[in-house]
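Peer 1: One structure coming up, written as structure tokens, with questions to follow.
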Amino acid sequence: MKTAAPDLTPYRSLGEALRSSTSKWADHLALIEADRERENCRLSYRDFSQAALPIAAALQAAGFVSGNRASILMSNQSKWLIAAYAVFYSGGVLVPLDYKLGPSEHLALLAHAKAKVLIVEYPIWRALAKAIKPEDFRPETILVSEAPPEADLSGARRWEDCQADPAPEFVSRDRSDLACIVYSSGTGGRPKGCMLTHDNYLKQCQSLMTWYPFWPGLRYLSILPTNHAIDFMVGFIGPFICGATVIHLRTLRPEFLKAAFPRYRINYVSVVPMVLKAMETGMKAKFAELPPFRRWVLDRLIGINRLLTAGKPRPALSRRLLPQIHQALGGELVAFITGGAFADPKTLQFFYDLGLPVANGYGLTEAGTAVTVNDLDPFRPDTVGKPLPGVEIRVLDPDAEGVGEIAVRSETLMRGYLDEPELTAETFKDGWLLTGDLGRMDAGGHLHLLGRLKNMVVTEGGKNIYPEDIENAFSGLEVKELCIFAANFVWKRRSLTGEQLIMAFHLEAGASLPSDLLEELRRRNRRLPDFKRLSGYLMWPEDFPRTASLKIKRQVLADAIAARMGPEDVRSL
């Protein structure tokens with residue numbers, strides 16, 4: 001049964017709110033972990049709490065105290081949430097890391113965060129243990145899950161050996177205390193550890209659940225990595241505080257993902273726009289295979305649904321008009337949740353016309369999770385929604401069309417970047433977060449995203465790529481200097497589609513292009529993950545402008561390139 005948004009004002013920390021929920025919803029189903037056709041586990045809230053106590057006890061026995069930092073390196077699974085709860089239970093600061101990064105990146109982030117504890121699954125630890133050098137930073141305590149009994153853990157401890165004897169002590173924290181350090185980019189350049197407090201998360205949860213309340217019995221399908229800001233909030237904090245059920249899939253093969261919807265009668269799922277687009281393509285292909293008359297009937301029914309739901313979603317009506325489509329998704333889907341990258345308005349409209357709304361939003365790690373969300377009142381596929389309760393948005397230095405840099409102010413904004421006071425000062429102005437994104441507000445209070453001011457690319461999969469972080473992959477090339485840009489940063493255009501990375505390089509004075517330079521450039525480019533690859537390069541004839549400390553003045557260089565060259569001068573790789 002649906003309930004109103006939870007009142008989180010009595011709680012001082014995430015640990016306190018989660019601990020209260022495991023007691024309040026003790027007999028409700030908290031977690032299901034599925035792997036292909038089988039289930040690995042089903043945990044009630046009581047079971048979940050009991051599973052976390054041995055981990056909390058092991059941490060405390062190892063000297064983990066209030067304010068210490070613990071990192072989790074795991075794929076989507078129940079143990080991720082159990083470990084996070086154990087960290088919060090012990091008064092710790094959580095450092096969630098992307099398990100898809102490589103060992104060198106993991107080690108760099110662990111060192112930057114000064115993590116005292118690492119909780120990691122065995123395959124990832126095996127790769128890390130091989131990469132660690134004697135001089136590298138290593139967390140004092142390492143817990144490894146699902147390791148074979150005979151495995152050499154290189155000094156780490158087995159998760160399964162942890163015991164809750166003596167019982168761990170619950171360590172309280174205050175709202176102003178640090179809850180998480182979340183990294184918003186890779187490590188090739190400058191790690192950006194966003195420091196988020198317990199108050200940030202509790203206020204964000206309260207705000208989101210005001211518009212999209214969760215309730216006991218609701219079923220949320222978790223397919224994004226839990227370290228992702230969206231899934232951490234709406235796939236862990238929100239559901240657990242409200243007594244809902246989270247379903248984790250250990251495999252994302254399409255046939256098992258498709259089967260999960262009807263099997264578990266999913267109500268909500270978060271996806272990146274790339275997944276939505278793939279679903280749209282697949283559904284349209286199936287519609288095209290229908291016999292002509294059935295296709296004609298389907299088109300008429302979709303048209304009727306579009307007409308009758310123009311003002312707001314009417315799920316019961318849509319399920320009656322288009323039963324087969326809805327039954328394939330379990331028959332109880334309330335909405336998709338998406339964000340983190342540009343979502344094509346035509347794709348959003350396609351799903352809405354089928355009675356499958358997409359709660360499209362805009363957010364930044366620096367702002368907790370979400371800044372705006374489409375409240376579906378009415379549905380607006382051309383925008384990223386309205387500011388959430390408690391969020392203010394300004395458009396700075398707007399032009400004649402009202403377009404300028406988006407600035408945000410709310411109680412969900414991070415405290416700052418870890419150990420980066422100068423970068424923090426650059427990111428805030430009079431209490432407002434400078435997003436580096438271009439947009440405008442319309443008369444209805446909706447935000448339109450129109451481009452980027454910052455040197456960054458957001459992939460269709462929702463990954464933020466900072467060009468500076470890729471430059472190390474090309475160090476040692478036979479050039480005097482090089483710099484990587486987002487093409488839209490050099491040649492400004494109001495679009496969030498077709499974002500690409502390019503390299504500008506400068507040769508030594510009088511030098512000609514080395515014969516093997518381009519082949520080496522292409523070879524290194526191929527070794528990068530596809531979402532980090534360069535699309536092209538250009539040769540710059542002059543020394544790069546630099547600061548007194550010899551840092552490249554990226555904006556000055558970009559402006560100079562834009563004044564003398566165009567996108568047509570970029571040569572493909």
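The values are calculated or read from the model by the stated rules, or taken from the named source; none is laboratory data. All figures in this text were calculated on a predicted structure; none of them were measured in a lab. Positions of Cβ are backbone-derived with ideal geometry, glycine not excepted, and every protein chain shown enters the neighbour counts.
Peer 1: Using beta carbons and a limit of 8 Å, which pairs, at least six apart or on different chains, have the first residue in segment 231-249 and within 22 Å of Gly339 (Cα to Cα) and the second one of a type in the set (Val, Ile, Thr) and assigned to a helix (DSSP H, G or I)?
Peer 2: Close Cβ pairs (under 8 Å, with a partner that is of a type in the set (Val, Ile, Thr) and assigned to a helix (DSSP H, G or I)) amount to Phe240/Thr22.
Peer 1: Considering only segment 155-179, state which residues are over 18 Å from Thr197 (Cα atoms) and free of Cβ contacts under 8 Å to residues at least 60 places away in the same chain.
Peer 2: Scanning segment 155-179 gives Gly155, Ala156, Arg158, Glu160, Asp161.
Peer 1: Residues of segment 192-213 being under 18 Å from Ser66 (Cβ atoms) and of a type in the set (D, E, K, R), which ones?
Peer 2: Asp199
Peer 1: Take the residues in segment 356-386 that are among the β-branched types (Val, Ile, Thr) and in a loop (DSSP other than H, G, I, E, B); name whichever of them is modelled with the lowest pLDDT.
Peer 2: This residue is Thr369.
Peer 1: Residues in segment 408-463 that are out of contact with any helix residue (DSSP H, G or I) (no Cβ under 8 Å at 6 or more places or on another chain), crowded, with 20+ Cβ neighbours inside 10 Å and of a type in the set (Gly, Ala, Ser): how many?
Peer 2: Number of matching residues: 1.
Peer 1: If you take the residues in segment 398-419 that are assigned to a loop (DSSP other than H, G, I, E, B) and modelled with pLDDT of 95 or more, which one is nearest to Arg440 (Cα to Cα)?
Peer 2: Only one residue fits best here, namely Ser410.
Peer 1: In segment 307-351, what residues are surrounded by fewer than 17 Cβ atoms within 10 Å (Cβ to Cβ), under 24 Å from Leu447 (Cα atoms) and modelled with pLDDT of 95 or more?
Peer 2: Answer for segment 307-351, where residues must be surrounded by fewer than 17 Cβ atoms within 10 Å (Cβ to Cβ), under 24 Å from Leu447 (Cα atoms) and modelled with pLDDT of 95 or more: just Gln349.
Peer 1: Hey, another quick one. Of the residues that sit in segment 135-154 and are touching a residue at least 24 places away in the same chain (Cβ under 8 Å) and loosely packed, with under 13 Cβ neighbours inside 10 Å, which one is farthest from the chain's Cα centre (by Cα)?
Peer 2: Among those that are touching a residue at least 24 places away in the same chain (Cβ under 8 Å) and loosely packed, with under 13 Cβ neighbours inside 10 Å, it is Pro148.
Peer 1: Looking only at segment 216-247, filter to residues that are in contact with a helix residue (DSSP H, G or I) (Cβ under 6 Å, 6 or more places away or on another chain) and of a type in the set (Phe, Trp, Tyr); which one of those is surrounded by the fewest Cβ atoms within 10 Å (Cβ to Cβ)?
Peer 2: Phe236
Peer 1: For Ile72, all conditions in the list (1) over 20 Å from Trp159 (Cβ atoms); (2) assigned by TED's automatic domain parsing to the domain that holds Arg219; (3) hydrophobic (A, V, I, L, M, F, W, C) hold save one; what is the number of the exception?
Peer 2: Only one criterion is unmet by Ile72, namely (1).
Peer 1: If the requirement is being out of contact with any Gly (no Cβ under 7 Å at 6 or more places or on another chain) and assigned to a strand (DSSP E or B), which of these qualifies: Leu31, Leu8, Leu18?
Peer 2: Result: Leu31 is the single residue among Leu31, Leu8, Leu18 that is out of contact with any Gly (no Cβ under 7 Å at 6 or more places or on another chain) and assigned to a strand (DSSP E or B).
Peer 1: Could you look through segment 536-556, keep only residues that are part of a helix (DSSP H, G or I) and in contact with a helix residue (DSSP H, G or I) (Cβ under 9 Å, 6 or more places away or on another chain), and pick out the one that is surrounded by the fewest Cβ atoms within 10 Å (Cβ to Cβ)? I'd like the intermediate steps shown before the answer.
Peer 2: Residues of segment 536-556 part of a helix (DSSP H, G or I): 554-556.
Imposing the further condition that a residue be in contact with a helix residue (DSSP H, G or I) (Cβ under 9 Å, 6 or more places away or on another chain) reduces the set to 554-555.
Numbers: Arg554: 18, Gln555: 13.
The qualifying residue surrounded by the fewest Cβ atoms within 10 Å (Cβ to Cβ) is Gln555.
Peer 1: Out of curiosity, is Tyr362 in the same structural domain as Ser222 (by TED's automatic domain parsing), crowded, with 16+ Cβ neighbours inside 10 Å and not basic (Lys, Arg)?
Peer 2: The answer is no for Tyr362.
Peer 1: Can you tell me which residue is surrounded by the most Cβ atoms within 10 Å (Cβ to Cβ) among those in segment 15-33 that are of a type in the set (D, E, K, R) and over 20 Å from His248 (Cβ atoms)?
Peer 2: In this case the residue turns out to be Glu16.
Peer 1: A further question follows. For segment 317-355, which positions are assigned to a helix (DSSP H, G or I) and among the charged types (D, E, K, R)?
Peer 2: Hits for segment 317-355 are Arg319, Arg320, Lys346, Asp353.
Peer 1: Would you check if there is a residue in segment 96-108 being farther than 19 Å from Arg157 by Cα, outside any strand (DSSP E or B), at pLDDT 95 or above and out of contact with any helix residue (DSSP H, G or I) (no Cβ under 8 Å at 6 or more places or on another chain)?
Peer 2: No, segment 96-108 contains no residue that is farther than 19 Å from Arg157 by Cα, outside any strand (DSSP E or B), at pLDDT 95 or above and out of contact with any helix residue (DSSP H, G or I) (no Cβ under 8 Å at 6 or more places or on another chain).
Peer 1: Restricting to segment 241-288, and then to whatever is among the hydrophobic types (A, V, I, L, M, F, W, C) and assigned to a loop (DSSP other than H, G, I, E, B), can you tell me which residue is farthest from Ile325 (Cα to Cα)? Spell out the reasoning first.
Peer 2: Initial filter on segment 241-288 (among the hydrophobic types (A, V, I, L, M, F, W, C)): 241-242, 244, 246-247, 249, 252, 256-257, 259-261, 266, 269, 271-272, 274-276, 278-279, 283, 285, 287-288.
Imposing the further condition that a residue be assigned to a loop (DSSP other than H, G, I, E, B) reduces the set to 244, 252, 266, 272.
On the way: Ala244: 25, Leu252: 21, Ile266: 14, Val272: 21 Å.
Among them, the one singled out is Ala244.
Residues checked against (1) over 27 Å from Lys114 (Cβ atoms); (2) in contact with a Pro (Cβ under 8 Å, 6 or more places away or on another chain); (3) not acidic (Asp, Glu):
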{"residue": "Val395", "(1), (2), (3)": "yes, no, yes"}
{"residue": "Arg409", "(1), (2), (3)": "yes, no, yes"}
{"residue": "Leu413", "(1), (2), (3)": "no, no, yes"}
{"residue": "Glu420", "(1), (2), (3)": "no, no, no"}
{"residue": "Leu423", "(1), (2), (3)": "no, no, yes"}
{"residue": "Leu434", "(1), (2), (3)": "yes, no, yes"}
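Peer 1: Within segment 107-150, can you find the residues that are touching a strand residue (DSSP E or B) at 6+ places or on another chain (Cβ under 8 Å) and of a type in the set (Phe, Trp, Tyr)?
Peer 2: Answer for segment 107-150, where residues must be touching a strand residue (DSSP E or B) at 6+ places or on another chain (Cβ under 8 Å) and of a type in the set (Phe, Trp, Tyr): Tyr122, Trp125.
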